[in-house]
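J.: Attaching a single structure in structure tokens format; questions to follow.
Each value in this text was obtained by applying a stated rule to the coordinates, not by laboratory testing. These figures come from a predicted structure and were not determined experimentally. Ideal geometry is used to build each Cβ from the backbone, glycine not excepted, and the neighbour counts take in all protein chains shown.
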Amino acid sequence: MTVTSTDSGRIVRPTSLEEAIAASTERPDARILGGGTLVVAERSLGIDIPPAYLLLSGIAELRGVTSDGATATGGAARIGAQTTLRALLDAALSPMLDVALRSLATPQIRHRATVGGNIAERRPAHTLAPCLLALDASVGSAGPEGSRRRSIRDFAAEGLGAGEILVDVALPARGGFQRFVRVAPRNGPGYAIASVAVSIDPTARSVRSGIGGSGPTALPGTAADDFLAGAVDWESGAVPAGAAEEYGRLLADACDPPTDDRASAGYRRHAIAVMGRRLIEAWNEEQQRG
Amino acid sequence: MDDERISLSLRVNGATHRIEDAWYFETLLSVLRYRLGLTGTKQACETGSCGACTVLLDGRPINSCVALAADVDGDVTTIEGYSPADGSLTPLQEALIAAGDVQCGYCLPGMVLAGSAFIEEHPNATEDEVREGMCGNLCRCTAYLGIIEGIREASAR
């Protein structure tokens, strides 16, 4: 086991959430490190050279997935912020998360990278936030002012406050259709150029989506979701003609995509519209197959 | 010296090593190669993209280039510790040689360690499973076909 000496204030490894909040407040220049796969790479690249690191790996209460035992059929779950992406994959909570986790990183990265690290900084290219928006998750955090729990929509808009640590993500029970699709430079792991996650729960008559890579943070497709929830005949499950295309159009309207070295804003908007339409068509086909 | 130095201990290939003057930002890769002389772990992209620096931590493959040494808690196995001490080869190493498409070989220590964890989890793997499971290891000589075949073959032994 690594025993880090306490004679340097540059590596801080608290063993409780309270210690972590105190350390984060005392040492605001310390970069918080979940698994390090992004933070350490950014040091190697010269992007961020922090004078200290605050390691979350010693806080047992932040690790692990607990679920009500019915996850494969849409049961509720709590995911600690320090849960590795591999542990989340192994928990088999959702077919959407299965695809997202297998496409977002390599096996080596999945063994180290954490759920908290993937969402805490609200980077638009990161994969989990769109999925969590579609799964209607909530985010727990704790800071000097106390603990709070917010919808992932509010978290995506606001982020963490000063000295605040991400604690967990809670998934409500949610059944039905759950799928994640992306366009990316290649089929292998890596950041998507643009992505869409959609979850349709016919029992709850609820449509939820998340859009990745096409705004300053992951974005909810609220207008598209409200449109579809109102357009579908929930008794029969029938999707009216043209509704899938309109859904995609409304998702694209919700975007604020950047133009960068990977794709233009126009490409991203088009891709979001096409992915949104195809997802609803896929749900429709799945229902007709039974 | 100054407060940028830390001391830490690491368990590597069954032995505990005390490092007294590591940089606080030093990676596991750097400690393995430049402090412990375990140069079988290869340095390449340094961003967790290529897999050349793969080591096992408690049996699980990780990129040692993006793990802070101060944040490593567990048993590290490098290619030196994985390979039998008597100089013989594991069935996986034999299968990779038999499939024999290797050119420069720089990716191979990482391929072997990632492959060893992969075949533990995937007995009788299909080619698709190998391609997905080994996606964290790049071979810039593009000798993939032999490597994929070797790992698939080893998973069937």
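J.: Build a GNM of chain A with springs between Cα atoms under 10 Å: which of A:D90, A:D226, A:D261 gets the top mean-square fluctuation?
T.: Comparing A:D90, A:D226, A:D261 in a Gaussian network model of chain A, the most mobile one is A:D261.
J.: Mind checking the full-extension length gain between B:D75 and B:L89? Use 0.36 nm per residue of separation minus the Cα-Cα distance, one decimal, nm. It would help to have the intermediate numbers written out before the result.
T.: On the way: separation 14, 0.36 × 14 = 5.04 nm, distance 2.16 nm.
Length gained, B:D75 through B:L89: 2.9 nm.
J.: Taking only C-alpha pairs under 8 Å that are 6+ residues apart, what is the relative contact order of the range A:11-60 in percent?
T.: Numbers: 66 pairs, mean separation 28.0, N = 50.
For the range A:11-60, the relative contact order is 56 percent.
J.: Next up: Just to compare against my own numbers: the Cα pair-distance distribution for the range B:91-155, 5 Å bins, whole % per bin, please.
T.: 4, 22, 35, 28, 9, 1
J.: Which residue, A:Q82, A:Q178, A:Q108, has the most motion in a Gaussian network model of chain A that connects Cα atoms within less than 10 Å?
T.: A:Q108
J.: Which of rounded, prolate or oblate describes chain B when judged by the alpha-carbon gyration tensor and an a/c cut-off of 1.5? List each step's numbers first, then the result.
T.: Working: a/c = 2.23, a/b = 1.93, b/c = 1.16.
The shape class here is prolate.
J.: Name the most mobile residue of A:S195, A:S264, A:S138, meaning the one with the largest mean-square fluctuation, in a Gaussian network model of chain A with Cα contacts below 10 Å.
T.: A:S264
J.: Can I ask one more? What 222 nm value per residue comes from the helices of chain A, counting each DSSP H run with n ≥ 4 as -39,500 (n - 2.57) and dividing by all residues, nearest 500 deg cm²/dmol? The partial results should precede the final answer.
T.: On the way: 11 runs with 104 residues, N = 290.
The helix-only estimate for chain A comes to -10500 deg cm²/dmol at 222 nm.
J.: Between rounded, prolate and oblate, where does the protein assembly as shown land on the alpha carbon gyration tensor, with a ≥ b ≥ c its root eigenvalues, rounded for a/c under 1.5, else prolate if a/b exceeds b/c? Don't skip to the answer; put the middle values down first.
T.: Working: a/c = 2.07, a/b = 1.36, b/c = 1.52.
Taking the square roots of the gyration eigenvalues as a ≥ b ≥ c, the protein assembly as shown is oblate.
J.: Let me ask another. Putting +1 on Lys and Arg Cβ atoms and -1 on Asp and Glu Cβ atoms, find which of A:S138, A:A91, A:S103 reaches farthest to the positive end of the dipole of the range A:51-145.
T.: Value: A:S103.
J.: Return the whole-Å distance between the Cα centroid of the range A:124-158 and the Cα centroid of the range B:49-72.
T.: If we compute the Cα centre of each part, the gap is 29 Å.
J.: Could you give me D for the range A:177-289, from Stokes-Einstein at 37 °C and 0.692 mPa s, where the hydrodynamic radius is the Kirkwood radius over C-alpha pairs? Units µm² s⁻¹, please.
T.: In µm²/s, the coefficient rounds to 233.
J.: Pairs of alpha-carbon atoms within less than 8 angstrom and 6+ residues apart define the contacts here; what relative contact order does the range A:34-161 have, in percent?
T.: Details: 165 pairs, mean separation 25.0, N = 128.
Worked out over the range A:34-161, it gives 20 percent.
J.: For B:E121, project a label point 7 Å along Cα to C-beta. Then give me every residue of the range B:46-69 with its amide nitrogen under 13 Å of that point.
T.: Flagged as within label range: B:57, B:59-63.
J.: How big is the charge dipole of the protein assembly as shown about its Cα centre, in debye rounded to the nearest 20, if each Lys and Arg gets +1 on its Cβ and each Asp and Glu gets -1 on its Cβ?
T.: Taking the Cα centre of the protein assembly as shown as origin, the dipole is about 440 debye.
J.: What's the local net charge at B:N137, with K and R +1, D and E -1, over the other residues with C-beta under 13 Å away? Before the final figure, lay out each step's value.
T.: Details: positive: B:K42, B:R131, B:R140; negative: B:E132.
For residues surrounding B:N137, the net value is +2.
J.: Still on this structure, I have one more. Taking every Cα atom in the range B:5-82, find the radius of gyration and the maximum pairwise distance Dmax, and write them in Å.
T.: 11.1, 30
J.: Provide a whole-number value for the mean count of partner chain Cβ atoms within 10 Å of the Cβ atoms in peptide B:129-137. Walk me through the intermediate numbers first.
T.: Working: counts 0, 0, 2, 7, 2, 2, 11, 9, 3.
Mean shielding by partner chains, rounded to a whole number: 4.
J.: Take the Cα pairs of the range A:11-60, get the Kirkwood Rh, then feed it into Stokes-Einstein at 25 °C and 0.890 mPa s and tell me D in µm²/s. Could you put the intermediate results ahead of the total?
T.: Details: Rh = 11.0 Å.
Answer from the Stokes-Einstein relation: 223 µm²/s.
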